[in-house]
1. Roughly what angle does helix B:392-404 make with the longest principal axis of chain B, taking Cα atoms, 0 to 90 degrees, to the nearest 10?
2. Using alpha-carbon positions, what is the distance between the centroids of segment A:431-452 and segment B:388-409, in Å?
3. Taking residue B:227 in one copy and the same position in all the others, each labelled 7 Å out along Cα→Cβ, what are the pairwise distances from the first, in nm, shortest first?
4. Does anyone have the angle between helix B:91-100 and the longest principal axis of chain B? Alpha-carbon axes, 0 to 90°, nearest 10?
5. Find the relative contact order for segment B:229-345 and round it to a whole percent, using C-alpha pairs within less than 8 Å whose residues are 6+ positions apart.
6. Enter the Cα centre distance for the pair segment B:230-284 and segment B:12-78, rounded to the nearest angstrom.
7. By how many nm would the segment from residue A:164 to residue A:438 grow when fully extended, if each residue of separation counts as 0.36 nm and the alpha-carbon distance is taken off?
8. How shielded is B:61-69 by partner chains, expressed as the average number of their Cβ atoms within 10 Å of its Cβ atoms?
């Protein structure tokens, strides 16, 4: 295919992808210095309709990015279905540099590569096609090209960026790390495509051909993958057999609430929390008292310190992005608290029960959620998840009260009555979610919530215990 | 109106606003320490449907925010039509603190207040209602309340934030600055509402009543204001009488292009540019050669250093926000270059010519654009605007070529032919835009562009001259 035909085909594929919104495409652009990565990125922007082509360049992470989970900044820039993004500089550039300068051992590097594959598998399952281009030059070619660049006043600035390419030892360490990378992913659907960086014209055409091929693959509608085989449940009726009663009278409540709020105000501001942040998830049946519990928690916080995210069904635009995308956008920075009134567990609760996503999607979500929360915890973010448990007749009483009081009526919708009809399915889904995603470092705490007073105090007490353990360790 | 009726009315108004999307509302929350600002913010979140209430807290600006224009971070968080945002901490908190600690003289403070009013006028004209709440306490009340807080383990952390409230001198300086603020805006539609912070219950109710009143005002559809009276044009036929011819043969072009690209590569990386960034705007008729000129410019840049924004008609979501909002989102950070292939001038070009906005909107846009660009320049951002000028028959030839070549066909749409029919109106609108927004510090540079070679070299030469002047000053 000559250049003209290739450009015509690229444009056609790009427009078809945009119209169909079947999948998204990420092109990873990596390789050695002076191999023409930037030139090819520009050529592709020229050949394709650049209004619909995202070019995302990731340099060294900023301070805020360093304090966030490793993949946080990449999550922010994911293309939506129908879009193509060129990631120039990406997770591999960061990992390779760390390996070259021995900030990562060979073993640690291998572990990071395995994490990268998990990340890519998730994206793949969510409809993002990833294609990897490696722009290569031999050591000799690289030196010649560097010399040419140094003599070219337009491009001179390109020389000497990033790692110390002029040192043969560094070049060879880089190549050794790259080889480890290629081999690790040799058998993966996300293997590397080698582009010879020596001849500019042929380099651009090779890259464009691979991009075209990927775009054409992306036109085939994304089909949900196979169902994930899940281990048998140990406590399938966890929530069903739970006693949701626990008494607390108003006087005791007021006393205990003030005491626990004071403790929360103390622990949240403990010096050991300075480099941490807090994520609190609330799940449970409608009218379980999530909103009231959240208000008793935020009473001890400054509005500048927390953010409550009330989660409902994803919008049309959000559906074009991976399910976890909108939650990654709300990860709190240091010293901040993010409270989720419903959360990413929607995938394995309402979406599962109402059949909004196929079994293949929700069955793999447990592992994805565990991976997501583990990334937060690894970065020092405290993750606590509450299930507020009420009985079915208690819910009915609260629904009826909401319908009676004008300024509470907005809280009750036909959806709530609909969900109530599926009570038993929710209980099953909830039990399964809790069992499959409970972890000592990101625990589920089940709160008997028939009595609101008790539930509110219990939430604070349990949260304080988690924080106290961290601050006193 | 008692609490129950007030809550019911607040919710009704909130839902009606959301459904009508007539306007947006910003509630500014300011006042002295311990007057219950945070408590009232929480109360309003409780009384209203907090799923549709944005609470934005602005603390001390981050490093990136300090390097950006003052209003940049507020632009990022503006509510869309149909939304309500509580701005807890805002431009006034920053200005008042600066005044208290004498980082601003009385005169400088007054100037900043005038700028704030310009900003608010723009928001108002774009359909955002602003209401200002001042939470007050006397010096004695403030000390008593501070003492109470210090004795309350849940709220103790509130004491000692921000300025040194415990020093009577500081308190009085704060109040003096506040008085200057209130008086300056006494006659404005955006005057301050005083809330007595002493009685918690009455404080919350007063604030809620004012918010309700504002929501109800916001239900009335936003009507475009009066037309802005514009000075008579000095050069109404500026573009009409222009000679768009200028020759350059291919050989000279190649030589000059390389030379100018080398200079651009040099100046863009000059040490005097380290704390600056660059904004380049391209306007002109369809097929004037904007894309080609942009590619010759970016040839000297790393993809990590620049971003090209191709501007088309605003999306439905963008229409719910002030016109300049999406451009504020693309302001380059230090060391970066943002290139606009069409721009905010759309308001006074295509939107004016095609009647997409009333005269009242585009006639005030010149002043808003000048204000916007002046804010960028004041923060060290270099702003250069190119008008690529071609003759009508040249455009026809290029249109026909685009239709003939398969991989160029995507560049030509019925819109282009439609715009061509309004050629003369565009020429008039373009001439007016240039005259009304040209300024030595953010100049318009008119480029004869019948010959593409000449245009590309001319753009680079002119840009280099601007950068050289800055770097050599």
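Read-outs: derived from the displayed coordinates by stated rules, not from any lab. Just so we're clear, the structure is a prediction, and the values are computed from it rather than from any experiment. Cβ coordinates were reconstructed from backbone atoms using ideal geometry, including for glycine residues, and neighbour counts include every protein chain displayed.
1. Between the helix axis and the principal axis of chain B, the angle is about 90 degrees.
2. Here the answer is 65 Å between Cα centres.
3. Distances to the matching label points in the other copies: 6.9 nm.
4. The angle comes out at about 70 degrees.
5. For segment B:229-345, the relative contact order is 35 percent.
6. Cα centroid to Cα centroid, the span is 42 Å.
7. 94.1 nm
8. 1
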